[in-house]
1. Given a 1.4 Å probe and heavy atoms of the protein chains only, how would you sort 232, 161, largest accessible area at the top?
2. Can you tell me how much longer the chain between residue 273 and residue 89 gets when fully stretched, taken as 0.36 nm per residue apart minus their C-alpha distance, in nm with one decimal?
3. How far, in nm, would the chain grow between residue 192 and residue 97 when pulled straight, counting 0.36 nm per residue and subtracting the alpha carbon separation?
4. Which shape class applies to region 94-221: rounded if a/c is under 1.5, otherwise prolate when a/b exceeds b/c and oblate if not, where a ≥ b ≥ c are the square roots of the Cα gyration tensor eigenvalues?
5. How much accessible area per residue does region 73-216 have, counting only protein heavy atoms and a probe of 1.4 Å, in square angstrom?
6. Nearest 0.05, what FRET efficiency do residue 72 and residue 381 give at R0 = 45 Å with Cβ-Cβ as r?
7. Which value, in Å², gives the accessible area per residue of region 259-383 when a 1.4 Å probe is used on the protein heavy atoms?
8. List the relative contact order of region 157-292 as a percent without decimals, with contacts defined as Cα pairs under 8 Å and 6+ residues apart.
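The values are calculated or read from the model by the stated rules, or taken from the named source; none is laboratory data. All figures in this text were calculated on a predicted structure; none of them were measured in a lab. Positions of Cβ are generated from backbone atoms using ideal geometry, with glycine treated the same way; all protein chains shown enter the neighbour counts. Protein only, heavy atoms only, side chains kept; ligands, DNA and RNA dropped before computing areas. Shrake-Rupley method; radii C 1.70, N 1.55, O 1.52, S 1.80 Å.
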Amino acid sequence: MKRTNYLNQVDRSNSDYELNSSVLTKFVGACSVNKNDLCIRIGCICLIISSSFIGSSCTSGNGQNGDEGDTRQALSIYKGFLDEVNAFNEKETAQLVELCRRWYALRDSVAASFPHDTIVVHGYPSEQEEFININDSIATRIAKIVRSNDYTLTDYLNFRFALGYIPHEEKYRPYIKPGHDFYANLDFVNPYQGNCKTTIDRYASFLNNTLKKGISTQKELESFICVEDRNFRTSLKFLHDLGDNSLEHVNGMTKEIIGRVSLNLIDSCDAFNREKALVLMVMRSNRRLTANAWQCAKDIQEGRLKAEEKMYAAYFWMLLNPFIYIDDIAVCLMSEELKAQYYRLAALMPELMEPISKCLPVGRFSLEELPKELIVAYLTQIR
């Protein structure tokens, strides 16, 4: 299903259905955000956009510009759908998922009915204003439906996995199974031996050498991922004991390396298979986020988490990262095994958060509200 980037992605920053920032403010205030694994997502999104027609012209179903009659008829249908949404009272996830699917398809069809020459830079003609108002009303109603029900992180995953989509997914499909096999083979590579300090020193030395040599071919990229993965998994063994052993220099070098790789992919460097590299890099990010979270879970369950505010904050954020940073790219490239890991982690989250929430300025209410706000943000975002 093609999705249109409708009406130049109008500003919705003041809409009633936007993410309830008061809920997340407590989370952000409770811990520092580590965005290293988000960098590759930004690069991958840019790559997909650059190779797709998300910003393509709005056309009617026959490939021609819509006319005024087409637009008025489409708006009339959209109004009828708004009435249906306002009357919607189902609580089951499956029914709301289906409603959203219909909304996205209808919205894109209505947007495609607008002739090119009606789009202006400052302000919108009356038909476009009407379209935006109807769309905002639908989003507001869906947000109210979500907030009026009880949802968990498991429900949030149900929405993400049911509605995940990336443009031109067929271009990446041939590399998904090989990508899963690539990372499955890395699981058979044993971590390095050594203590916390030697582990961090080895990790930093490897990254520093990579920065000096650079990554200029597909083979070098895959080699880097293999060695980096081993260093990363080794460092997780000492996650609870990092304390005075800062990883700031490791994180900084990792961010720079990933940034350079992302730029190479966006620039269509002939030395890379862009689609294959994109798949491997997104899977790398998925793997790191979930590995961090599972190590946190293990440390908490086995009583290794130190009673220090900074450690509680770090673990709090690493447990939530897989859910907050999940995106459609990640979902579409996930294996069924990884999806199952997400569900298991979601089910464990109340137990894992219990000791952390007692020591950080976030209450049970905020933790219970978070899944609903994540669902609202996902269902009502511009796709």
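1. Descending accessible area places them as 161, 232.
2. Difference between extended and current length: 61.5 nm.
3. Answer, rounded to one decimal: 29.7 nm.
4. prolate
5. 50 Å²
6. 0.95
7. Result: 38 Å² per residue.
8. Computed value for region 157-292: 36 percent relative contact order.
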